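The values are calculated or read from the model by the stated rules, or taken from the named source; none is laboratory data. Computed from a predicted structure; not experimentally measured. For neighbour counting, all protein chains shown are included, and Cβ atoms are generated from backbone atoms with ideal geometry for every residue, glycine included. Each accessible area value is taken on the protein alone, full model and side chains, heavy atoms only, with ligands, DNA and RNA left out. Shrake-Rupley method; radii C 1.70, N 1.55, O 1.52, S 1.80 Å.
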Amino acid sequence: MRLKIILWKRRPPALLALVLAVCMAGYVLAYPSVFAGAYAADRPLPIYCVDKDQKVCSISFDAAWGNEDTQTLIDILARYQVKATFFVVGDWAEKYPESVKALAAAGHEVMSHSSHHDHFNSLSSEAIAADLKESCDKIEAAAGTRPTLIRCPYGEYDSHVITAIRAAGMEPIQWSVDSLDWKGISASEITKRVTSRVQPGSIVLFHNAAKHTPEALPGILEDLLAKGYTLVPISQLIIKGQCGTDYTIDHTGKQCAVNRSAQTPAQAAGSHA
């Protein structure tokens, strides 16, 4: 035992530091959630939801592939006088320009979901900027307005992706409530998931070509409206301005005004123009 103690004491400090580093790395890998909050705030994040006191939220749809139900969704939203945000792929806008025009004519926001639905993490910042411009050009040609918001394909991003998007003058948007309609789950499951998870400032994710979304949507809208929620397009939900100056985004992706007391009641409610 004495020999072992002597040998340990004579180990170089660098070796001890290496042993501790390896142990720490193993702990982080085993328990990543312990450290997530500490480091997430140090990297740029998209907006997942917005800090709101009032019952206001946003409904959004991603359109990348099919187009069977787009008009049905427009009709359902019109029935409840709800305006939503549709994130469409540039190629989709080129393929279905009449649907893009119909969305815009109905008063819905038509925003970017990239040009080709590529994995942004694998693209350079320059390639991302070019993709954003291409997608916005395609969407503007059909909708008549230029997108200001982008939802990354696959919901995939890293720090360089978010930095490139904001450098291009656009705001990256995620979601805080996933309907999971893309999994083909039943309308009742979709309804339960959404209505049980929506909170003030939530952004809900649907897809325009999911099998059971048209069946689930009326009940969801009725439930939220009955609970006193105001449903607005995302551009009316989020806080305008520059990240770090006018708003911050915490480690959960919640957007918070830097000076909430400076907001007007309409801005706080999410109904500002």
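Computed values, structure above
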item: When residues of region 166-187 are limited to those that are in contact with a strand residue (DSSP E or B) (Cβ under 7 Å, 6 or more places away or on another chain) and not in a loop (DSSP other than H, G, I, E, B), the one most open to solvent (accessible area, probe 1.4 Å); result: Trp182
item: Count of residues meeting criterion [charged (D, E, K, R) and open to solvent by less than 50 Å² (accessible area, probe 1.4 Å)] in region 96-116; result: 1
item: Considering residues of region 42-57 that are of a type outside the set (A, V, I, L, M, F, W, C) and farther than 21 Å from Glu156 by Cβ only, the residue surrounded by the most Cβ atoms within 10 Å (Cβ to Cβ); result: Lys52
item: Single match in Ala78, Ala104 (criterion: part of a helix (DSSP H, G or I) and in contact with a strand residue (DSSP E or B) (Cβ under 8 Å, 6 or more places away or on another chain)); result: Ala104
item: In region 117-165, residue nearest to the chain's Cα centre (by Cα) [restricted to those that are among the β-branched types (Val, Ile, Thr) and either in a helix (DSSP H, G or I) or surrounded by 14 or more Cβ atoms within 10 Å (Cβ to Cβ) (or both)]; result: Ile150
item: Matching residues, region 206-221, being closer than 20 Å to Pro147 by Cβ and open to solvent by less than 20 Å² (accessible area, probe 1.4 Å); result: Phe206, Asn208
item: Pair list, Cβ under 8 Å, 6 or more apart: region 195-212 residue farther than 25 Å from Pro153 by Cβ, other residue in a loop (DSSP other than H, G, I, E, B) and open to solvent by less than 30 Å² (accessible area, probe 1.4 Å); result: Pro200/Lys52
item: Top-ranked residue of region 222-245 - restricted to ones that are part of a loop (DSSP other than H, G, I, E, B) and at pLDDT below 95, ranked as surrounded by the most Cβ atoms within 10 Å (Cβ to Cβ); result: Lys240
